[in-house]
Each structure stands twice: as structure tokens, then as C-alpha cells.
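Notes follow the structure.
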Amino acid sequence: MRFAPEPEQVAFGQVLERIFAAAGTPSVVRAWARGEHGPGLALWGRAARAGVFTPAAPEALGGVGALPVELAVACVAWGRHCVPGPLVETVAATVLLTRLAESGEPAPARAWVPRVCEGQARVTLAAPAAGPYALDADVADALFVVTADDELRLAPGHGPVRRSLDPARRLARPRPGGQLLAAGPPVRDAAARAAEWAAFATAAQALGVGLTLLDRTVAYARQRVQFGRPIGSFQAVKHRLADTLVSLEFARPLLDAAGVALAAGGPGAAADVAAAKVAACEAAYAAARTALQVHGAIGYTAAYDLSLWIGKARALRSAWGSPADCRARVLQGDIIHL
């Protein structure tokens with residue numbers, strides 16, 4: 001199977017690239033990590049108005065329909081520029097609320113999804129598939145919680161904020177209780193669908209992170225001189241960079257295939273998404289290791305911008321499904337044959 005982006009998809013990605021490039025995201029990320037959210041929230045609003053969240057919502061709720069391939073374009077750009085904020089969790093919450101609306105519980109979706117698509121509200125989600133913490137709950141207008149009892153609640157608040165491997169990923173446990181929005185099998189089914197979209201968005205974001213890590217490492221290898229020659233001319237460095245590129249390029253068609261499977265809504269989508277996530281996240285993690293090795297001691301320095309992408313690659317690797325979990329899902333399902 002061959003994948004080629006449509007001109008509209010390419011144009012969408014280019015618009016987001018310009019928005020993120022103009023924002024100077026390293027400084028935005030560092031401010032976000034300190035709890036200074038102003039620059040990050042302004043960038044979030046611009047991205048939302050450009051249509052980042054509309055591919056996860058139907059037209060009736062302010063979106064453009066379920067378009068996972070377009071969502072992947074947005075998430076790759078998000079990862080390339082290391083933009084902070086609960087991107088994946090917002091996508092997952094949007095999909096969950098939309099599915100509940102389709103099953104007869106429209107009120108939460110009508111209250112929140114149009115506002116999310118317009119950039120007027122920020123939401124995050126805590127669910128069993130992602131662990132006990134919610135990402136960036138301190139900047140969210142709504143913290144949704146899926147409980148182990150198949151309840152969807154609007155949490156009354158959250159506990160202390162903690163940092164993850166990525167200092168810009170700020171985690172907090174939701175407080176128990178809160179408003180009950182829905183319960184039972186509809187919540188279970190909607191949460192499962194939302195987790196698939198979350199894993200898919202995480203894979204796309206990780207691919208973008210890996211691509212930037214490779215670009216920055218290649219640029220450094222061309223300018224760093226040892227023994228009178230750029231280190232990029234050394235065979236060992238060439239091989240390491242080539243292996244990183246191959247891993248990222250092999251992950252890309254798996255991501256495209258997962259997007260097609262999600263759009264079709266077939267029973268094999270979960271396995272395709274798992275294959276894409278493990279490939280993209282492992283490729284990004286390998287890119288981070290290569291970047292550290294090629295940069296040497298400076299790669300470990302928190303003041304160096306490279307560290308922002310390295311931390312994110314490590315954190316995304318286990319977000320919304322560890323590598324072992326994803327491999328198990330691949331073995332349980334049928335994968336699209338490329």
C-alpha cells in the first residue's frame with residue numbers, strides 16, 4: 001500500500017509549521033515547565049484556531065469529521081516543535097465525548113467539544129489506559145476522569161503537580177468524586193476508542209520529535225570538528241545517523257496505515273495503532289540516544305535546547321501504552337500489510 005498526502009494536508013502542515021516556528025517554542029517550553037503558562041496558552045489558542053482539534057470532532061460539534069490522517073499531520077508538527085500542553089489528552093477527551101454523544105449522552109459533548117475546537121476551552125483526561133495522572137490539569141478548564149468502574153466524571157480538582165521525564169509534562173492526580181457525566185458500557189466503549197486515538201496521536205507526536213532530533217544532530221555533526229574533520233564524516237557517526245533515519249522512515253507508513261484503519265473504524269484498528277506507536281516511539285527514543293551520543297557532554301545539559309526533545313521522546317515512549325503493551329496488541333490483532 002502506498003501513501004501520499006493530499007495537497008490540503010500538506011498545506012495544513014505548513015500552516016502549523018509556520019505558527020510554531022514563529023513562536024520560538026524552546027522558550028515557551030521552558031516557561032511552561034516553570035509554571036508560567038502565558039506564552040504556551042497563547043500558542044495553544046493559535047494552534048486550535050488553525051484547526052488542530054477539528055479532525056477529532058464531527059461537523060455537528062464544530063469539527064470537520066473523524067480525520068485521523070489530518071490529525072497526524074497536526075501532531076507531527078506539534079512534536080517537531082516540542083509544543084507544550086495536553087494535546088493527546090485533549091484529542092482523547094474530544095473523541096470520548098463525541099462517542100458518548102453518538103450513544104445517547106450528548107450533553108457533555110455539546111458543552112465542551114465546540115469550545116475545544118475553537119480554542120476557547122482546554123480539557124485534559126485521566127483514564128486507566130494512561131495511568132493515574134492527568135497531564136497539565138493546572139491549565140485545564142475541565143478535567144475528565146474515566147474510572148475503573150466505567151464512570152465518566154468531571155473532577156472537582158487535582159492534587160500537587162509533579163514533573164515527568166519531560167519537565168514540560170506536568171502531571172497531577174485528579175481529586176476523587178465530582179460530577180457524574182455517564183456510566184456503564186457506553187463509557188467503556190467510548191474510552192476504548194479514545195485510547196486508540198490517544199495512542200495514535202502520541203505516535204505522530206513522537207515521530208515529529210524524532211525527526212527534529214535527527215535534523216539537529218545532523219546539523220551538529222556537520223559543524224563539530226574533531227581531528228581536523230567534521231565528525232559527520234566519520235563512518236561510525238554516519239552509520240548511527242543512517243540507522244536513525246531508517247527507523248523513523250519505517251515508522252511513517254505504519255502511522256499512515258493506522259490513520260487509514262482508524263478512519264475505517266474496523267476491528268483491526270487497535271493493532272495497527274499499536275504497531276504505529278511502538279515503531280514511532282522506539283524510533284524517537286533511538287533518535288534521542290543517537291543525539292546524546294553524537295553531541296557528547298553538551299547533550300546532557302538542561303540549558304541546551306536539545307534536552308527538551310530528548311525528554312519528550314523518553315516520556316512519550318510509555319505514554320498511552322508501553323512498548324510491551326503495544327507489542328502484545330500487535331500480536332493479538334491483524335495488521336494491514338503494506
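Got a number for residues in region 140-164 being surrounded by fewer than 16 Cβ atoms within 10 Å (Cβ to Cβ), within 22 Å of the chain's Cα centre (by Cα) and not charged (D, E, K, R)?
1
Test Ala242 against the criterion of being out of contact with any helix residue (DSSP H, G or I) (no Cβ under 7 Å at 6 or more places or on another chain), farther than 24 Å from Gly40 by Cα, assigned to a helix (DSSP H, G or I) and at pLDDT 95 or above, and give yes or no.
yes
Quick test of your reading of the structure: Gly62 fulfils all but one of (1) touching a Cys at 6+ places or on another chain (Cβ under 6 Å); (2) at pLDDT 95 or above. Name the failing condition by number.
Gly62 satisfies every listed condition except (2).
Just give me the residues in region 287-338 being on the phi > 0 side of the Ramachandran plot and part of a helix (DSSP H, G or I), in sequence order.
Scanning region 287-338 gives a single hit, Gly296.
Just one of the numbered conditions (1) of a type in the set (A, V, I, L, M); (2) modelled with pLDDT of 95 or more; (3) over 22 Å from Pro26 (Cβ atoms); (4) crowded, with 22+ Cβ neighbours inside 10 Å is not true of Val209; which one?
The one condition Val209 does not meet is (3).
What is the residue count in region 274-301 for residues that are in contact (Cβ under 8 Å) with a residue 24 or more places away in the chain and out of contact with any Leu (no Cβ under 7 Å at 6 or more places or on another chain)?
8
If I filter region 219-227 for residues that are in contact (Cβ under 8 Å) with a residue 40 or more places away in the chain and either β-branched (Val, Ile, Thr) or touching an Asp or Glu at 6+ places or on another chain (Cβ under 9 Å) (or both), do I get at least one hit?
Within region 219-227 (the criterion being in contact (Cβ under 8 Å) with a residue 40 or more places away in the chain and either β-branched (Val, Ile, Thr) or touching an Asp or Glu at 6+ places or on another chain (Cβ under 9 Å) (or both)), the answer is no, since none of the residues qualifies.
Taking region 24-46 only, how many residues are surrounded by fewer than 18 Cβ atoms within 10 Å (Cβ to Cβ) and not in a helix (DSSP H, G or I)?
Total meeting the criteria: 4.
Inspect all residues belonging to region 213-229 and state whether any of them is of a type outside the set (Phe, Trp, Tyr), in contact with a Lys or Arg (Cβ under 7 Å, 6 or more places away or on another chain) and crowded, with 19+ Cβ neighbours inside 10 Å.
No: region 213-229 contains no residue that is of a type outside the set (Phe, Trp, Tyr), in contact with a Lys or Arg (Cβ under 7 Å, 6 or more places away or on another chain) and crowded, with 19+ Cβ neighbours inside 10 Å.
Does region 49-81 hold any residues that are surrounded by fewer than 24 Cβ atoms within 10 Å (Cβ to Cβ), part of a helix (DSSP H, G or I) and small (Gly, Ala, Ser), and which are they?
The one that is surrounded by fewer than 24 Cβ atoms within 10 Å (Cβ to Cβ), part of a helix (DSSP H, G or I) and small (Gly, Ala, Ser): Ala60.
Here's the yes/no breakdown for (1) under 24 Å from Arg115 (Cα atoms); (2) in contact with a strand residue (DSSP E or B) (Cβ under 8 Å, 6 or more places away or on another chain):
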| residue | (1), (2) |
| --- | --- |
| Val161 | no, yes |
| Asp166 | no, no |
| Leu171 | yes, yes |
| Pro176 | no, no |
| Ala182 | yes, yes |
| Ala191 | yes, yes |
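Consider Ala168 carefully, then state whether it is crowded, with 20+ Cβ neighbours inside 10 Å, touching a Leu at 6+ places or on another chain (Cβ under 6 Å) and within 24 Å of Val139 (Cα to Cα).
Judged against the criteria, Ala168 is not a match.
Out of region 198-251, which residues are within 26 Å of the chain's Cα centre (by Cα) and basic (Lys, Arg)?
Result: Arg216, Arg240.
Of the residues that sit in region 151-166 and are in a loop (DSSP other than H, G, I, E, B) and out of contact with any Ser or Thr (no Cβ under 9 Å at 6 or more places or on another chain), which one is nearest to Ala109 (Cα to Cα)?
Ala155
Name, by its number, the condition in (1) in a helix (DSSP H, G or I); (2) at pLDDT 95 or above that does not hold for Leu180.
(1)
Of the residues that make up region 251-272, is at least one among the acidic types (Asp, Glu) and either surrounded by fewer than 18 Cβ atoms within 10 Å (Cβ to Cβ) or closer than 29 Å to Pro167 by Cα (or both)?
Within region 251-272, none of the residues are among the acidic types (Asp, Glu) and either surrounded by fewer than 18 Cβ atoms within 10 Å (Cβ to Cβ) or closer than 29 Å to Pro167 by Cα (or both).
Looking at Thr212, Thr217, Thr202, which is the one that is more than 24 Å from Gly131 (Cα to Cα), in contact with a Phe, Trp or Tyr (Cβ under 9 Å, 6 or more places away or on another chain) and among the polar types (S, T, N, Q)?
Only one candidate passes the filter, namely Thr212.
For the structure I just gave you, tell me whether Ala148 is closer than 23 Å to Gly104 by Cβ, at pLDDT below 95 and hydrophobic (A, V, I, L, M, F, W, C).
yes
List the number of the failed condition for Ala201; all other conditions in (1) more than 22 Å from Gly311 (Cβ to Cβ); (2) surrounded by 15 or more Cβ atoms within 10 Å (Cβ to Cβ) hold.
Every condition holds for Ala201 apart from (1).
The values are calculated or read from the model by the stated rules, or taken from the named source; none is laboratory data. Just so it is clear, the model here is predicted, and its values are computed rather than measured. Neighbour counts are summed over all protein chains in view; Cβ atoms, including those assigned to glycine, are modelled from backbone coordinates with ideal geometry.
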